[in-house]
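Worksheet for the structure shown next.
The values are calculated or read from the model by the stated rules, or taken from the named source; none is laboratory data. Given the structure is predicted, the values throughout are model-derived calculations rather than measurements. Neighbour counts run over all protein chains shown; Cβ positions are idealised from the backbone, glycine included.
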Amino acid sequence: ALYSKSTQFVYFSETPVVTATGEASEYLKNSIEVSFKKGELEFEGIKQYYVLVDKQDDKKFEALCAILRSMSSLPAVVYCNTHPDTEQLAEKLKAQKFPTLKVYRNMEPSLRKGALDKFQKGPSSVLVATDALWHGDDLENRFAPV
């Protein structure tokens, strides 16, 4: 077996639970279901934006810039899948005159802390990040909506 019996899995799905459980039942022994209705995971003070675009990078970037320009104020967090994507997007946003900071998993800790401190204190900026944004720092208190 690839996994020991003590390995725990977390399975997320937008599809109905019957389908999700059926697909993952091999791994989900003694599973617990947590369901949310539409709108239940929205946080007060945080706005989420999305735009459907083709998979072409230039259209995604244009849509992102349009969203950022339409916001009455920053700060904003933009997530990327990889460190290279984070670097590239941060540079492209800087070229469009957006005040941009970046954070990624293998970033030197002092640089990462500096970027997060600067983002938190302002002036308003765009933070481009991988999922590393939520690893290692006490971010619950750092970015709690007011």
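Values for this structure:
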| quantity | calculated |
| --- | --- |
| Within region 99-146, considering residues that are buried (at least 20 other Cβ atoms within 10 Å of the Cβ) and among the charged types (D, E, K, R), the one modelled with the highest pLDDT | Lys102 |
| Residue ID - modelled with the lowest pLDDT, chosen from residues in region 66-88 that are under 20 Å from Gly122 (Cα atoms) and hydrophobic (A, V, I, L, M, F, W, C) | Leu74 |
| Of residues in region 45-65 being surrounded by 11 or more Cβ atoms within 10 Å (Cβ to Cβ) and of a type in the set (D, E, K, R), the one modelled with the highest pLDDT | Glu62 |
| Condition broken by Val78, with the remaining ones in (1) in a loop (DSSP other than H, G, I, E, B); (2) of a type in the set (A, V, I, L, M); (3) under 19 Å from Asp58 (Cα atoms) satisfied | (1) |
| Residue tally, condition outside any loop (DSSP other than H, G, I, E, B) and surrounded by 14 or more Cβ atoms within 10 Å (Cβ to Cβ), over region 81-98 | 10 |
| Residue count, region 100-119 (criterion: in contact with a helix residue (DSSP H, G or I) (Cβ under 9 Å, 6 or more places away or on another chain) and outside any helix (DSSP H, G or I)) | 8 |
| Residue that is under 22 Å from Gln48 (Cβ atoms) and not polar (S, T, N, Q), where the choices are Pro99, Pro84 | Pro99 |
